[in-house]
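> Right, I'll just put the structure down here and ask away after.
The values are calculated or read from the model by the stated rules, or taken from the named source; none is laboratory data. None of these values were measured; they are calculated from a predicted model. Neighbour counts run over all protein chains shown; Cβ positions are idealised from the backbone, glycine included. Protein only, heavy atoms only, side chains kept; ligands, DNA and RNA dropped before computing areas. Shrake-Rupley method; radii C 1.70, N 1.55, O 1.52, S 1.80 Å.
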Amino acid sequence: IYSTLLQTETSEIKIKSTAVLTGTMYLFSLLLLLLLSQSNPLLLPRPCFARPVTSLGSVTTTTSSAQWRILMNVGREEGTWMPKEWAKTSRLVLPVVVNFEASPSPSSDVLIGRSSLLVSPSRPATFVSDAGERTVPVSAGGWSVQPPTSSDPAILRFWLEFGEGGVKRDASIPPGRVYFTAAGWMDAEVEAGEKARSELLRFLEGEVLKDLKEAREEFHSERNPIKKVLKLNELTKLTTARDSTVAKLRTIDRTLPKRNDVLTPGPFPGVEGRFRMAGGGLSVRREKALGAEYHILGTWSATPGGGGGEESA
């Protein structure tokens with residue numbers, strides 16, 4: 001998916017202007033000059049992830065099962081539709097060790113997909129409350145992955161069934177299905193994305209910005225009105241080339257993990273090599289008269305394997 005991002009033609013940079021001067025063009029060019037002089041400096045945006053998820057379908061891989069430790073951080077988040085009194089002062093941190101399987105889930109879900117695959121807890125889920133250690137009943141659910149696109153990473157989504165007992169002060173896990181959503185990457189995708197990003201940055205800094213700087217200097221030093229318009233035409237095209245390259249960098253950044261995230265890769269069914277998950281969101285479904293609503297329940301993170309101690313936060 002990254003190959004199209006690297007097809008920047010050298011014609012974007014080495015431009016031969018053939019513009020013909022007219023009085024109208026000259027006045028219009030002066031107006032463009034005023035606009036160009038107000039342009040903002042080069043900025044790269046932060047990546048963001050928000051995509052629906054469909055079923056991965058059949059899985060062909062040497063990894064038929066992978067164990068991951070899911071750390072749930074249940075509590076009030078901005079934008080939640082949970083009741084006002086819920087989790088006003090407390091949070092519930094619950095580790096759940098699960099196995100992601102390549103076999104079909106016995107249940108289905110409208111959000112995850114009809115062909116979801118099995119995810120099940122591998123041990124009891126416990127946390128430390130004010131009254132001591134508590135166990136929360138957790139049963140199997142299903143998972144699916146939406147493959148990556150040219151502008152977004154893959155999205156992992158799964159659900160688990162929770163029973164009574166997940167309560168700490170005013171924070172609680174409602175009994176029923178809890179939904180987990182996060183972006184995910186294979187090693188090959190991260191490596192290809194980083195390579196594409198590095199090559200585009202070298203292209204931007206080594207050719208585009210260099211030629212743009214020279215074109216600006218030549219434009220400002222040119223005294224001949226006709227030649228000045230031609231220089232302006234070149235400057236405008238180089239600015240467009242810069243913006244096009246920056247747009248490609250922005251697209252790549254959206255497909256990669258955030259640069260300050262430390263994500264531990266591990267095995268995963270359906271994945272060649274290793275897989276890593278970003279921190280994601282928790283939600284519960286509530287049926288309303290006009291349809292279902294998904295209420296934010298908190299956040300979660302994941303590490304491969306079942307290690308890690310119990311949480312008391």
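> Quick check on this structure: which one of 139, 129 is open to solvent by 10 Å² or more (accessible area, probe 1.4 Å) and modelled with pLDDT under 95? Let's see the steps before the verdict.
Details: 139 fails: modelled with pLDDT under 95.
When all the criteria are applied, what remains is 129.
> Looking at (1) in a helix (DSSP H, G or I); (2) open to solvent by 40 Å² or more (accessible area, probe 1.4 Å); (3) within 27 Å of residue 151 (Cα to Cα), which is the only condition residue 231 fails?
Looking at each condition in turn, residue 231 falls short on (3).
> For the structure I just gave you, tell me whether residue 182 is outside any helix (DSSP H, G or I) and under 30 Å from residue 275 (Cα atoms). Write out each step before concluding.
Numbers: outside any helix (DSSP H, G or I): yes; under 30 Å from residue 275 (Cα atoms): yes.
The answer is yes for residue 182.
> Among the residues of the range 149-169 satisfying the criterion of being in a loop (DSSP other than H, G, I, E, B) and of a type in the set (Asp, Glu), which is farthest from residue 85 (Cα to Cα)? Break it down into steps so the answer makes sense when it comes.
Taking the range 149-169 and keeping what is in a loop (DSSP other than H, G, I, E, B), we get 149-153, 163-166, 169.
Cutting the leftovers down to of a type in the set (Asp, Glu) gives us 152, 164.
Details: 152: 36, 164: 19 Å.
Among residues in the range 149-169 that are in a loop (DSSP other than H, G, I, E, B) and of a type in the set (Asp, Glu), the one farthest from residue 85 (Cα to Cα) is 152.
> I would also like to ask the following. Going residue by residue through the range 251-260, is there one that turns out to be assigned to a helix (DSSP H, G or I), touching a residue at least 12 places away in the same chain (Cβ under 8 Å), buried (at least 19 other Cβ atoms within 10 Å of the Cβ) and aliphatic (A, V, I, L, M)?
Among the residues of the range 251-260, at least one is assigned to a helix (DSSP H, G or I), touching a residue at least 12 places away in the same chain (Cβ under 8 Å), buried (at least 19 other Cβ atoms within 10 Å of the Cβ) and aliphatic (A, V, I, L, M), which makes the answer yes.
> In addition: Considering only the range 277-303, state which residues are modelled with pLDDT of 95 or more, open to solvent by 40 Å² or more (accessible area, probe 1.4 Å) and within 30 Å of residue 187 (Cβ to Cβ).
If the condition is that a residue be modelled with pLDDT of 95 or more, open to solvent by 40 Å² or more (accessible area, probe 1.4 Å) and within 30 Å of residue 187 (Cβ to Cβ), then 299, 301, 303 are the ones that fit.
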